[in-house]
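One structure is given here, and the rest of the page talks about it.
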Amino acid sequence: MWSREFTESAYFVGDSTENYLYLSIGDKLYILDANTGKDAIEPKIVGEKIDIRKLNDGILLISPYTQNAIVKTDLKGNELWKISSGIEAYTSYVQIINNKYVIQKGNFDEYGLPMEIITTIVTPEGNMIANTSEY
């Protein structure tokens, strides 16, 4: 149907709906029309991300760093809130449980075994409920 090339980075994370693709490539957030591949919004600079989740009321972005580790934007990529917490991580997993965001960030050794994992629980309004670390 269509193709599109990005030169900012070889690394990206994404999520999608029937009508849109939500991509974090390099340090930019792209929201693309899934039918045409064209920008649904002008790309926004959001910093490097290791996970992205499209929500009913916005977009959740997870950073590999401790500063601005969790960011929520509206559906046009405008920042609503951000939280600094956690560890510098290579992977992230996001779940929504009882209307709360449960984010797990982790680092792994060369054998794929966890070295450090941090779990952060946040309300949709950006209030941190828990932030626990496991070694």
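Electrostatic bookkeeping for TYR93 treats Lys and Arg as +1 and Asp and Glu as -1; over the other residues with beta carbon under 11 Å from its beta carbon, the sum is +1. Scanning the chain for trypsin sites (Lys or Arg not before Pro) lying in DSSP loops with no more than 12 further Cβ atoms inside 10 Å, the longest uninterrupted stretch between such sites is 39-135.
Extension gain, LYS54 to ILE97, is 14.0 nm, computed as 0.36 nm per intervening residue step minus the present C-alpha separation. Against the set [x] 9.6; [y] 8.7; [z] 8.2, the structure's computed mean projected area of the Cα convex hull in nm² falls on [y]. Given a 1.4 angstrom probe, I'd like the percentage of the accessible area of segment 49-125 that is carbon and sulfur, rounded to a whole number. Carbon and sulfur together cover 49 percent of it.
Subtracting the Cα-Cα distance of MET115 and SER84 from 0.36 nm times their residue separation leaves 9.1 nm of extension gain.
Between MET128 and TYR65, what is 0.36 nm times their sequence separation minus the Cα-Cα distance? Round to one decimal in nm. Walk me through the numbers before you get to the answer.
Working: separation 63, 0.36 × 63 = 22.68 nm, distance 1.69 nm.
Length difference between fully extended and current span is 21.0 nm.
Calculated accessible area for segment 1-60 comes out at 59 Å² per residue, all protein chains present (probe 1.4 Å; ligands, DNA, RNA ignored). According to a simple spin-label model (label point 7 Å from Cα along Cα-to-Cβ), what is the distance in nm between ASP39 and PHE12? Reported label-point gap for PHE12 and ASP39 is 1.4 nm.
What does the charge add up to near ASN107, with Lys and Arg as +1, Asp and Glu as -1, over the other residues with Cβ less than 10 Å from its Cβ? Neighbourhood net charge equals -2. Restriction of the GluC sites (Glu not before Pro) in segment 1-93 to DSSP coil positions whose beta-carbon has at most 11 other beta-carbons within 10 angstrom yields GLU5, GLU18.
The values are calculated or read from the model by the stated rules, or taken from the named source; none is laboratory data. Please read these numbers as outputs of a predicted model, since none were measured by experiment. As a convention, Cβ positions derive from the backbone with ideal geometry for all residues, glycine included, and neighbour counts pool all protein chains shown. For accessibility, only protein heavy atoms count, side chains too; no ligands or nucleic acids. Shrake-Rupley method; radii C 1.70, N 1.55, O 1.52, S 1.80 Å.
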